[in-house]
Amino acid sequence: MDKTYIIGRDAVPSDIRLAEGESMRLTLFVPEGTDCALDLTVSLDGPGASLDLAGGWRCNGSENVSLKVTVRHNVPGCTSRQLFKGVVGGSARASFDGLVYVAPGAIHTDAVQESRTLLLSDSATAEARPQLEIYADDVKCSHGATTGYLNPEELFYMRSRGIPEAEARAMQVEAFLAPILNRLV
């Protein structure tokens, strides 16, 4: 099952459940100019259920974007992959709260959760809180978060090749968001 939701345009369910053997490729995107407070829980309730979740946001004004995502591994043998990428500029604020929950007895869980944020201004704010809550042994789970700015050396290189700075910045932002944007088409 393949689902894409554009926040501000589409109604996003707050609770998704996957049964035995079900797979879902889920994409969420918050376009520029959209304020949002999303709280989503995906429960992997049957053995062999799998989730491929990608989310992105672009805010360059005074937007407030808040994403809270919980993925619950309730039974053995489930897989989840999460990648969230955001670009925050202007005086915008963005936060990502992610939780991978592994229930007691949910052995052979395989879960990855990543959050990557690119800041475009000194007054932009980004927070990321990836979390693992594991109550079973014999699992493979990882999480991570990074926040940073555009690389000045890369911008210099692009400018030395005749690309105007504004265009170079736009190209780098598009490249950063490409793993999410490519899923929207």
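Each value in this text was obtained by applying a stated rule to the coordinates, not by laboratory testing. Since the model is a prediction, treat every value here as computed from it, not as a measurement. Here the Cβ is made from the backbone with ideal geometry for all residues, glycine too, and neighbour counts use every protein chain on show.
At-a-glance table
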| quantity | calculated |
| --- | --- |
| Options 185, 139, 112, 102: the member that is surrounded by fewer than 14 Cβ atoms within 10 Å (Cβ to Cβ), of a type in the set (Val, Ile, Thr) and closer than 30 Å to residue 48 by Cα | 185 |
| Test for residue 133: is it outside any loop (DSSP other than H, G, I, E, B) and more than 23 Å from residue 38 (Cα to Cα) | no |
| Meets criteria (free of Cβ contacts under 8 Å to residues at least 40 places away in the same chain, more than 18 Å from residue 130 (Cβ to Cβ) and touching a strand residue (DSSP E or B) at 6+ places or on another chain (Cβ under 9 Å)) for residue 43 | yes |
| Strands (runs of 3 or more DSSP E) contained entirely in region 1-79, each with at least 2 residues that are buried (at least 17 other Cβ atoms within 10 Å of the Cβ) | 15-18, 23-30, 36-44, 50-59, 64-73 |
| Selected residue (only one of 121, 91, 142, 80 is among the hydroxyl-bearing types (Ser, Thr, Tyr) and closer than 23 Å to residue 5 by Cβ) | 80 |
| Residue count, region 138-163 (criterion: more than 30 Å from residue 72 (Cα to Cα) and not in a helix (DSSP H, G or I)) | 6 |
